[in-house]
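Enquirer: One structure, as structure tokens, below. Some questions next.
The values are calculated or read from the model by the stated rules, or taken from the named source; none is laboratory data. Remember, predicted model here, so these are calculated numbers, not experimental data. Heads up, the Cβs are rebuilt from the backbone with ideal geometry, glycines too, and the neighbour counts pull from every protein chain shown.
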């Protein structure tokens, strides 16, 4: 399984959560790439992704959806912002989902 984790580079909490999720997914034998938005990682992204997990608020979800739209990959939003209108899950619900 190919998973891309996208987090809000301006929030340390999303970076730490991305690392924690990556660890759990690797235990499940998933290939994981983290995009924190700080550098261009487009050459590291495989052609086919199975899932994009976005950690942040609505702005981070919109950025990731726009940036990776051509991949036609499902996006799972995890609310780590304030509004969370576009998010599927709250952080507390994540363990049950994985």
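Enquirer: Return the residue satisfying two criteria in turn: it lies in region 65-83 and is part of a loop (DSSP other than H, G, I, E, B) and in contact with a helix residue (DSSP H, G or I) (Cβ under 8 Å, 6 or more places away or on another chain), and of such residues it is surrounded by the fewest Cβ atoms within 10 Å (Cβ to Cβ).
Expert: Filtering first and then ranking leaves 83.
Enquirer: Would you be able to tell me the number of residues in region 53-64 that are touching a helix residue (DSSP H, G or I) at 6+ places or on another chain (Cβ under 6 Å) and farther than 16 Å from residue 12 by Cα?
Expert: 0
Enquirer: Please tell me if residue 9 is in a loop (DSSP other than H, G, I, E, B) and at pLDDT 85 or above.
Expert: Working: in a loop (DSSP other than H, G, I, E, B): yes; at pLDDT 85 or above: yes.
When the stated conditions are applied, residue 9 passes them.
Enquirer: Separate question: Against the condition in contact with a strand residue (DSSP E or B) (Cβ under 7 Å, 6 or more places away or on another chain) and not in a helix (DSSP H, G or I), how does residue 61 come out, does it pass? Please lay out each step first, then the result.
Expert: Numbers: in contact with a strand residue (DSSP E or B) (Cβ under 7 Å, 6 or more places away or on another chain): yes; not in a helix (DSSP H, G or I): no.
For residue 61, the condition - in contact with a strand residue (DSSP E or B) (Cβ under 7 Å, 6 or more places away or on another chain) and not in a helix (DSSP H, G or I) - is not met.
Enquirer: Mind checking whether some residue in region 19-30 is assigned to a loop (DSSP other than H, G, I, E, B) and in contact with a helix residue (DSSP H, G or I) (Cβ under 7 Å, 6 or more places away or on another chain)? Step through it out loud before you land on a result.
Expert: Filtering region 19-30 for residues assigned to a loop (DSSP other than H, G, I, E, B) gives 28-30.
Now drop any that are not in contact with a helix residue (DSSP H, G or I) (Cβ under 7 Å, 6 or more places away or on another chain), which leaves none.
Among the residues of region 19-30, not one is assigned to a loop (DSSP other than H, G, I, E, B) and in contact with a helix residue (DSSP H, G or I) (Cβ under 7 Å, 6 or more places away or on another chain), which makes the answer no.
Enquirer: Then there is this: What do you reckon, is residue 4 modelled with pLDDT of 90 or more, within 10 Å of the chain's Cα centre (by Cα) and crowded, with 17+ Cβ neighbours inside 10 Å?
Expert: yes
Enquirer: Then there's this: Considering only residues that are touching a residue at least 12 places away in the same chain (Cβ under 8 Å) and surrounded by fewer than 16 Cβ atoms within 10 Å (Cβ to Cβ), look in region 16-29 and name the one that is nearest to residue 64 (Cα to Cα).
Expert: At the first step, the residues of region 16-29 found to be touching a residue at least 12 places away in the same chain (Cβ under 8 Å) are 17-19, 21-22, 24-25, 28-29.
With surrounded by fewer than 16 Cβ atoms within 10 Å (Cβ to Cβ) added as a condition, the list becomes 19, 24, 28-29.
Values: 19: 18, 24: 22, 28: 24, 29: 24 Å.
The qualifying residue nearest to residue 64 (Cα to Cα) is 19.
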